[in-house]
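One structure is given below, encoded as structure tokens.
The values are calculated or read from the model by the stated rules, or taken from the named source; none is laboratory data. These numbers come from a predicted model, not from an experiment. Cβ: placed from backbone, ideal geometry, glycine included. Neighbour counts: every protein chain shown. Each accessible area value is taken on the protein alone, full model and side chains, heavy atoms only, with ligands, DNA and RNA left out. Shrake-Rupley method; radii C 1.70, N 1.55, O 1.52, S 1.80 Å.
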Amino acid sequence: MPIRIYNSLTKKKEIFESLEPGKVTMYVCGPTVYDSCHIGHGRSAVVFDVIGRYLESKGYVITYVRNFTDVDDKIIRRAQEMNTDCATISEKYIKEFYEDMDALFVRRATIEPKATEHIDAILRIIGTLVEKGVAYEIDGDVYFSVESFEGYGKLSGRKLEDMEAGARVDVDERKKNPFDFALWKGAKPGEPSWDSPWGKGRPGWHIECSGMSSQYLGKTFDIHGGGKDLIFPHHENEIAQSEAAFGVQFVRYWVHNGFVNINHEKMSKSLGNFLLIRDILKTYHPEAVRLFLLSSHYRSPVDFTPQAMEEAETALEKIYGVKARMESVNGDSRTGENGASTGDYWHRFQNAMDDDFNTAQGIGILFEMVRNVNRALDESDENLPPEKISEIRSAYSDLSEMGVILGILNTDAETYFQRKKERGLQDASVDAAWVEQMILERKEARKAKNWKRADEIRDELVRMNILLEDRPEGTIWKIG
């Protein structure tokens, strides 16, 4: 089944065909490094991490570029507030970004360029635009003329004449059109600057991405990603300046992830609901955060609430719980040690991912597998027959493959439950008599084929960090 991607440019799903067979070129807008990363940054990073993982699983060799905007108005203001320089600010928050992403198991991109290290590439594009007459210089500033680009607005769906009619932008009488945007900003006292044909200055935000993407991926590349908030003006302006400069299509597939809301409200500093990744990880397991961020389709908004995170924590416990149970079948059922191949769950998961990277549906298939495997093990009071062992091993292979794509199951079950206990997320004290009573009740429920109650008891024990192992002589339990 071919991969189909919703293209924000055409507003429809399209069959994915890379420019070069077997290879994918992808650029994703990284952070402007003036502050710590919030959960919105986390969603974008996790979404495109999963997209990259899945494309690799399909056999593609990926060149993935994710940039750092390390010169910008916000960085300059922060440096002035802290009485330091922009380089110090950007390096501090680049370091924090890596710490947060490593904690969330987000893999490094192939290339992670900084804007300040690509001034020459940026200046070449600006020079081309000026030579073509689609950009103009005024008092050391260089602006792109939006009226000169016929397709302006094709990504966002905005018409220039409509925007002009209702314009509420800072009026600069020097510009030909209020929506003309800066490619180069003349130097101001106390700001970082570089030499250019138009005098000392620094690049505008939009041109930075065009310079870095073209240097590493060429004039046209496969996928450009980022949050929906970047569609206008950032990505709209990237298209205009790049296609005006190079005369070819800039990007084939535009992919945008939805927002993270906090308790049904838009996240903002003014509302006091601005959640940093590092603060969230003090309470919740990083893999639970990943599960939460992937629990809705990437194009849809996702609502961060304590209830949603508790559900994600519980879901992760169930996955690790079934992983532990499967590994206990015939000693060990890990892929590579038993020759087990992937089965129906993995193939259905692939079908979900082929349909515009539908992680929500994929996670649903994963939990169908969790329920079915638990049920099969619960129903077996004696030794599992060979065909059941084969099914469990195949399911384990499916679980392993799905875990790689989703970026979860990065440790073994025993370590997970031990760390969970150490983090203080569960009470380590256990009433052994009560546990034995619960196991007895579960046994009676299984005899009565009341699988729902048996499942409820097992899940309750898992939440308490208690692992069950069903053996011919009876069920044994241990604290994870």
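Looking at residue 156, is it touching a residue at least 60 places away in the same chain (Cβ under 8 Å) and part of a loop (DSSP other than H, G, I, E, B)?
Here the answer is yes, as residue 156 does meet what is asked.
Could you tell me which of the residues 321, 218, 247 is more than 27 Å from residue 98 (Cα to Cα), of a type in the set (Gly, Ala, Ser) and loosely packed, with under 15 Cβ neighbours inside 10 Å?
Only one candidate passes the filter, namely 247.
Would it be correct to say that residue 132 is exposed (fewer than 15 other Cβ atoms within 10 Å of the Cβ), charged (D, E, K, R), more than 32 Å from the chain's Cα centre (by Cα) and over 24 Å from residue 231 (Cα atoms)?
Considered against the rule, which asks whether it is exposed (fewer than 15 other Cβ atoms within 10 Å of the Cβ), charged (D, E, K, R), more than 32 Å from the chain's Cα centre (by Cα) and over 24 Å from residue 231 (Cα atoms), residue 132 comes out as yes.
Could you identify the single residue in 69, 25 that is of a type outside the set (A, V, I, L, M, F, W, C) and either surrounded by fewer than 20 Cβ atoms within 10 Å (Cβ to Cβ) or more than 20 Å from residue 276 (Cβ to Cβ) (or both)?
25
All but one of (1) in contact with a Leu (Cβ under 9 Å, 6 or more places away or on another chain); (2) surrounded by fewer than 24 Cβ atoms within 10 Å (Cβ to Cβ); (3) assigned to a strand (DSSP E or B) hold for residue 36, so report the exception by its number.
The number of the failed condition is (3).
Please report, ordered by residue number, the helices (runs of 4 or more DSSP H) entirely within the range 340-450 with at least 2 residues that are modelled with pLDDT under 85 and out of contact with any Cys (no Cβ under 9 Å at 6 or more places or on another chain).
Answer list for the range 340-450: 386-406, 413-422, 432-447.
Do any residues in the range 241-262 that are over 12 Å from residue 218 (Cα atoms) have Cβ atoms under 8 Å from those of residues that are surrounded by 24 or more Cβ atoms within 10 Å (Cβ to Cβ) and among the polar types (S, T, N, Q), where the two are at least six apart or on different chains, and which pairs are they?
Listed pairs, sorted by first residue: 241/210; 245/210; 257/44.
Please specify each residue of the range 282-316 satisfying the condition of being touching a residue at least 40 places away in the same chain (Cβ under 8 Å), more than 23 Å from residue 226 (Cβ to Cβ) and open to solvent by 10 Å² or more (accessible area, probe 1.4 Å).
285, 305, 313, 314, 315
Please go through the range 302-321 and give me each residue that is of a type in the set (Val, Ile, Thr), in contact with a helix residue (DSSP H, G or I) (Cβ under 7 Å, 6 or more places away or on another chain) and either closer than 22 Å to residue 266 by Cβ or modelled with pLDDT of 95 or more (or both), ordered by number.
Of everything in the range 302-321, those that are of a type in the set (Val, Ile, Thr), in contact with a helix residue (DSSP H, G or I) (Cβ under 7 Å, 6 or more places away or on another chain) and either closer than 22 Å to residue 266 by Cβ or modelled with pLDDT of 95 or more (or both) turn out to be 302, 319.
Which condition does residue 5 not pass, out of (1) open to solvent by 70 Å² or more (accessible area, probe 1.4 Å); (2) closer than 20 Å to residue 299 by Cα; (3) under 21 Å from the mean Cα position of the chain (by Cα), if it passes all the others?
The failed condition is (1).
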